[in-house]
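Notes follow the structure.
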Amino acid sequence: MIFGKRTNLFGLDIGSNALKLTEIRKTGKGYQLLNAGVMHLPPEAIVEGAIMNAPAVVDAIRNLIDVHKPESRNVATSVCGHSVIIKKVSLPVMSKEELEQSIQWEAEQYIPFNIHDVNLDYQILSPVAEAGEESGSGQMDVLLVAAKKDLVEDYASLLREADLRPVIMDVASFAVENMYEVNADVDEDEVMAIFNIGASITNINIFKNGASLFTRDIHFGGNQFNEEIQKALNLNFQEAEYLKLGGSGREEDQREVQEILERITEVLLNETQRSLEFFSATSGSEKIHKVVLCGGCSALPGLAAKMEDRLGTPVELADPFRRVIADPDKFKPEYLKEIQPFMGVSVGLALRSVGD
């Protein structure tokens with residue numbers, strides 16, 4: 001987490017095309033869903049993680065809050081993109097206290113921004129020196145996370161302007177990992193890859209036993225499909241989105257849409273394959289056991305099967321609500337199924353408040 005602590009809160013995923021809100025409570029019977037909703041944003045209000053139309057986003061947040069009325073004003077949100085750097089580094093073995101004192105200096109060697117311009121966080125991936133043990137003998141792995149302060153402040157300002165209290169700022173790829181680990185049985189020896197395919201950015205996170213091994217943000221997502229369909233058929237965004245996700249139209253339009261989907265899907269498959277090949281080439285003997293898809297673009301018909309064929313690895317769709325109890329009188333199963341692809345990040349953020 002870039003900043004924050006556990007408290008009563010709700011998760012708010014501020015995406016390029018929509019806001020996603022989730023509120024969860026932990027009970028004696030498990031996780032209980034209190035709130036779940038989506039609200040679309042005006043076109044280009046947020047572009048590749050950069051806020052371009054803050055008043056429009058603030059209005060949408062306020063409208064979403066008015067509709068769903070979360071119990072708390074405390075909110076967890078996330079950031080991603082070029083202004084966020086995640087890097088695994090090897091440092092001389094030292095104690096937690098020594099690492100805390102030296103992490104900023106150590107990070108300067110790996111972060112391509114001025115260290116004074118970023119919020120810095122880290123996670124220890126391998127054992128530190130114990131009390132009385134000599135430091136500096138051997139190496140320890142540490143995951144560094146740095147986000148530009150101006151990006152973090154832009155998002156925090158949006159929330160404050162909407163009369164909310166930002167208490168956790170996370171990274172989107174970590175949030176979806178958190179969501180998946182709560183909702184699935186993961187063997188500690190399994191290496192998992194999660195692709196969160198959003199509107200403009202795809203977050204890739206490869207992890208094992210709760211620790212990230214590789215992360216990458218690809219500036220490619222569902223908007224590329226929509227833009228090509230809009231240009232080819234002279235449609236607006238909503239009409240293109242409908243056809244992209246399998247909606248019916250004129251027969252000749254459907255044929256052209258199918259050609260566009262296959263062409264742009266090939267670009268997406270190439271990007272994801274390159275990322276996994278890079279991980280394999282730099283990770284030694286680690287082998288990916290399963291790929292999990294979430295994000296709005298994961299709902300594309302046949303995408304999971306095509307990716308499985310290309311990668312030669314089992315591919316499944318994430319279900320953010322699999323182990324979350326939802327009152328069927330309040331949350332219709334068909335509604336949860338409809339919004340399920342979009343909710344991975346916001347569910348992961350909401351779970352930050354309830355812990356394990």
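Give the residue that is surrounded by the fewest Cβ atoms within 10 Å (Cβ to Cβ), with candidates limited to residues of segment 277-302 that are over 20 Å from residue 190 (Cα atoms) and touching a residue at least 40 places away in the same chain (Cβ under 8 Å).
The qualifying residue surrounded by the fewest Cβ atoms within 10 Å (Cβ to Cβ) is 301.
If you scan segment 77-113, which residues turn out to be under 28 Å from residue 351 (Cα atoms) and either assigned to a loop (DSSP other than H, G, I, E, B) or in contact with a Ser or Thr (Cβ under 7 Å, 6 or more places away or on another chain) (or both)?
80, 81, 82, 83, 86
If a residue has to be farther than 13 Å from residue 65 by Cβ and in contact with a Ser or Thr (Cβ under 8 Å, 6 or more places away or on another chain) to count, how many in segment 23-39 make the cut?
Qualifying residue count, segment 23-39: 3.
Give segment 214-234 a look and list any residue that's β-branched (Val, Ile, Thr) and either under 23 Å from residue 82 (Cα atoms) or surrounded by fewer than 17 Cβ atoms within 10 Å (Cβ to Cβ) (or both), or say none.
Those that are β-branched (Val, Ile, Thr) and either under 23 Å from residue 82 (Cα atoms) or surrounded by fewer than 17 Cβ atoms within 10 Å (Cβ to Cβ) (or both): 215, 218.
Among the helices (runs of 4 or more DSSP H) confined wholly to segment 140-254, which include 3 or more residues that are of a type in the set (A, V, I, L, M)?
Here the list reads 149-161, 172-183, 222-233.
When you look at residue 44, is it acidic (Asp, Glu), crowded, with 22+ Cβ neighbours inside 10 Å and either modelled with pLDDT of 95 or more or within 14 Å of residue 199 (Cβ to Cβ) (or both), yes or no? Spell out how you get there, then give the answer.
Numbers: acidic (Asp, Glu): yes; crowded, with 22+ Cβ neighbours inside 10 Å: no; either modelled with pLDDT of 95 or more or within 14 Å of residue 199 (Cβ to Cβ) (or both): yes.
So residue 44 does not fit the description; no.
Considering segment 206-234 alone, what residues qualify as being in contact with a Gly (Cβ under 9 Å, 6 or more places away or on another chain) and free of Cβ contacts under 8 Å to residues at least 60 places away in the same chain?
Within segment 206-234, 233 is the sole residue that qualifies.
State the number of residues belonging to segment 35-53 that are within 21 Å of the chain's Cα centre (by Cα) and either of a type in the set (S, T, N, Q) or not in a loop (DSSP other than H, G, I, E, B) (or both).
So the count comes out to 10.
Just to verify a result, which residue in segment 27-72, among those that are of a type in the set (Asp, Glu) and without any contact (Cβ under 8 Å) to a residue 12 or more places away in the chain, is farthest from residue 218 (Cα to Cα)?
Filtering first and then ranking leaves 66.
Residues that are crowded, with 16+ Cβ neighbours inside 10 Å and over 28 Å from residue 329 (Cα atoms): does segment 18-40 have at least one?
No, the conditions are met nowhere in segment 18-40.
With 251, 271, 266 as the choices, which residue is surrounded by 15 or more Cβ atoms within 10 Å (Cβ to Cβ), out of contact with any His (no Cβ under 9 Å at 6 or more places or on another chain) and not aliphatic (A, V, I, L, M)?
Details: 251 fails: surrounded by 15 or more Cβ atoms within 10 Å (Cβ to Cβ); 266 fails: surrounded by 15 or more Cβ atoms within 10 Å (Cβ to Cβ).
Being surrounded by 15 or more Cβ atoms within 10 Å (Cβ to Cβ), out of contact with any His (no Cβ under 9 Å at 6 or more places or on another chain) and not aliphatic (A, V, I, L, M) holds for just one of 251, 271, 266, which is 271.
Do the conditions hold for residue 75, that is, is it under 19 Å from residue 33 (Cβ atoms), loosely packed, with under 15 Cβ neighbours inside 10 Å and at pLDDT 95 or above?
No, not satisfied.
Which condition number does residue 11 fail, the rest of (1) in contact with a Leu (Cβ under 6 Å, 6 or more places away or on another chain); (2) crowded, with 21+ Cβ neighbours inside 10 Å; (3) closer than 16 Å to residue 120 by Cα being met?
Here residue 11 meets the rest and fails (3).
Hey, does segment 307-315 have a residue that's in a strand (DSSP E or B) and in contact with a strand residue (DSSP E or B) (Cβ under 6 Å, 6 or more places away or on another chain)?
Within segment 307-315, one or more residues are in a strand (DSSP E or B) and in contact with a strand residue (DSSP E or B) (Cβ under 6 Å, 6 or more places away or on another chain).
Does segment 166-181 contain at least one residue that is under 22 Å from residue 216 (Cα atoms), at pLDDT 90 or above and either in the same structural domain as residue 295 (by TED's automatic domain parsing) or surrounded by fewer than 19 Cβ atoms within 10 Å (Cβ to Cβ) (or both)?
So far as segment 166-181 goes, yes, one or more of its residues are under 22 Å from residue 216 (Cα atoms), at pLDDT 90 or above and either in the same structural domain as residue 295 (by TED's automatic domain parsing) or surrounded by fewer than 19 Cβ atoms within 10 Å (Cβ to Cβ) (or both).
Taking the conditions exactly as written (of a type in the set (Gly, Ala, Ser) and touching a Pro at 6+ places or on another chain (Cβ under 7 Å)), does residue 156 satisfy them or not?
Yes; evaluated as a whole, the condition is true for this residue.
Could you check residue 267 against (1) among the aliphatic types (A, V, I, L, M); (2) in contact with a Ser or Thr (Cβ under 9 Å, 6 or more places away or on another chain); (3) at pLDDT below 95 and say which number it fails?
Answer for residue 267: the failing condition is (2).
The values are calculated or read from the model by the stated rules, or taken from the named source; none is laboratory data. Given the structure is predicted, the values throughout are model-derived calculations rather than measurements. Cβ: placed from backbone, ideal geometry, glycine included. Neighbour counts: every protein chain shown.
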